[in-house]
Amino acid sequence: MFKKDQAKAPVNGQAGVKTVNGNHGSLDETLRAFNITHTDIINVPFLEPRGLINTGNMCFMNAILQMLLFCGPFYHFIERVSTGAKRFKDNTPLIEMMIMFAREFRVITKDPSAKIKSDDLEAFGESFAPEFVYETIRQLKRFSHMRRGHQQDAEEFLGFLLDGLHEEAVEVMSKNSSNPVITNGVDVNEKENGWMEVGHKQKPATTRTTETPESPISKIFGGKFRSEFRVPGLSPSITTEPYTPLQLDIQAPDVMSVSDALKHLTIPEKIQGDFNSPKGANVTATKQVHIDTLPPVLILHLKRFQYDNTGGVQKIWKKIAYPLELEIPSEAMSPRKRQTQRPKYRLIGVVYHHGSSAQGGHYTVDVLRQDAKSWLRFDDTVLKRVSSTQVIVDMKEIGRETESELSWGPVNGAAKKEDKQAYILFYQRI
């Protein structure tokens, strides 16, 4: 880890990003100045890929690190912090870790309009073991159970990593008391608990928002749910709360695709109980969830592991269709946010789980390169170019072996090639 007041120089001669006052600023200023929407044009350098050496059941971590590196908005964040913050005086081990990781990859070109030469498309750098990543993780309490040599859940690691990066950014920004951190669009010092709005059939409803401080991480990956709780005889209670990632239940028989799973989110849940209703002591309440806001990068977690009757965890082998371009179903959005033109997303990465065990198996990842045309497949130190048809699962392919399955062959730690199942999907808004 480099010293906080002597940040290592960028490897690519990157120009320093200036803060709003026109000068190199503190980390606090750089984090506050960061903003991104789905309409922003992000020019991310075209990188030379490198494999990651698996030093002992670390494939779960390797897959997530590769995915984040090739996620344009996240790389943009790391680059802004790396070049825009002159001084690192705060306790930000994860932010510094990701800066160091990104600097391990050579930039082929920074010109988004440049035509990539065939030799550069085929050029792969030497594989390496990111020991500084493992050492940083080892020292942080939130990762205490993720010891080298023990397989872990890739989605759990992703959640811990993004939460840790978010909390580090919020902590840095919170130290500047003269500029409060923004929470859900308002200052954290504001204590509004709820407000009234006109709901269905002009009935008043109380809306409450779960307070969550904003950070560059939440601006990239964070969205909000809108949950409506209805009790007979009482005004509806509406709550908005954050999500990162979006958890999708795929167990229902009618869920055959990601679009089906998004629609399935909104099925009302019936709850029997005593809710102090004027209708009586035992009434049936309903809870219904919709998506209220969508992030620039939408992470979809396909929930493939469930507890069985014996208390063990079983893998759901069901194949789910997912496209290169995803239109968010209008039924999944809250009624007040439905638009004539549905939000569209482009697939930029897929993390796969191989094997039958929730406690073991193997992880690999497919990523869309920065040219938004070519795909790469990472299996620790094994890299190869693949086509988009080898990545997606089309609805027509549900129930039969796909080109994607046929293309895999032997995989480290997997029992057989058919064991590969999409586990985490990354979509970027277009």
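The values are calculated or read from the model by the stated rules, or taken from the named source; none is laboratory data. What you see is a predicted model, and the numbers here were worked out from it, not measured in a lab. Here the Cβ positions follow ideal geometry from the backbone for every residue, glycine too, while neighbour counts run over all protein chains shown. For the accessible areas, the whole protein counts, side chains as well, though only heavy atoms, and no ligand, DNA or RNA atoms are used. Shrake-Rupley method; radii C 1.70, N 1.55, O 1.52, S 1.80 Å.
Laid out as a table, the results:
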{"quantity": "Average accessible area per residue (Å²) across the stretch 27-175 - probe 1.4 Å, nucleic acids and ligands excluded", "calculated": "41"}
{"quantity": "Distance (nanometres) between label positions extended 7 Å along Cα→Cβ at Glu325 and Glu126", "calculated": "4.3"}
{"quantity": "Three-way shape call for the stretch 304-367 based on the alpha-carbon gyration tensor, with the a/c threshold at 1.5", "calculated": "oblate"}
{"quantity": "Binned Cα-Cα distances of the stretch 27-175, short to long, each 10 Å bin given as a whole percent", "calculated": "10, 37, 35, 16, 1"}
{"quantity": "Gain in span if fully extended, Glu104 to Leu140, counting 0.36 nm per residue against the direct Cα distance", "calculated": "10.7 nm"}
{"quantity": "Entries of Lys263/Lys337; Lys315/Lys373; Lys219/Lys315 with Cα pairs more than 26 Å apart", "calculated": "Lys315/Lys373; Lys219/Lys315"}
{"quantity": "Relative packing of 341-348, 36-43, which averages over residues the other C-beta atoms within 10 Å, highest first", "calculated": "341-348, 36-43"}
{"quantity": "FRET efficiency, Leu234 to Ala33 (Cβ-Cβ, R0 56 Å, nearest 0.05)", "calculated": "0.80"}
{"quantity": "Shape of the stretch 224-363, Cα gyration tensor, a/c cut at 1.5", "calculated": "oblate"}
{"quantity": "Label-point separation, Asp249 to Arg346 (7 Å along Cα→Cβ), nm", "calculated": "3.4"}
{"quantity": "Environment charge of Thr55, counting only residues whose C-beta is closer than 13 Å and scoring Lys/Arg +1, Asp/Glu -1", "calculated": "0"}
{"quantity": "Difference of contour (0.36 nm per residue) and Cα-Cα distance, Asn282 to Glu156", "calculated": "41.5 nm"}
{"quantity": "Separation between Cα centres of the stretch 260-296 and the stretch 327-352, rounded to whole Å", "calculated": "21"}
{"quantity": "Listed residues Arg106, Arg304 arranged by accessible area, highest first, probe 1.4 Å", "calculated": "Arg106, Arg304"}
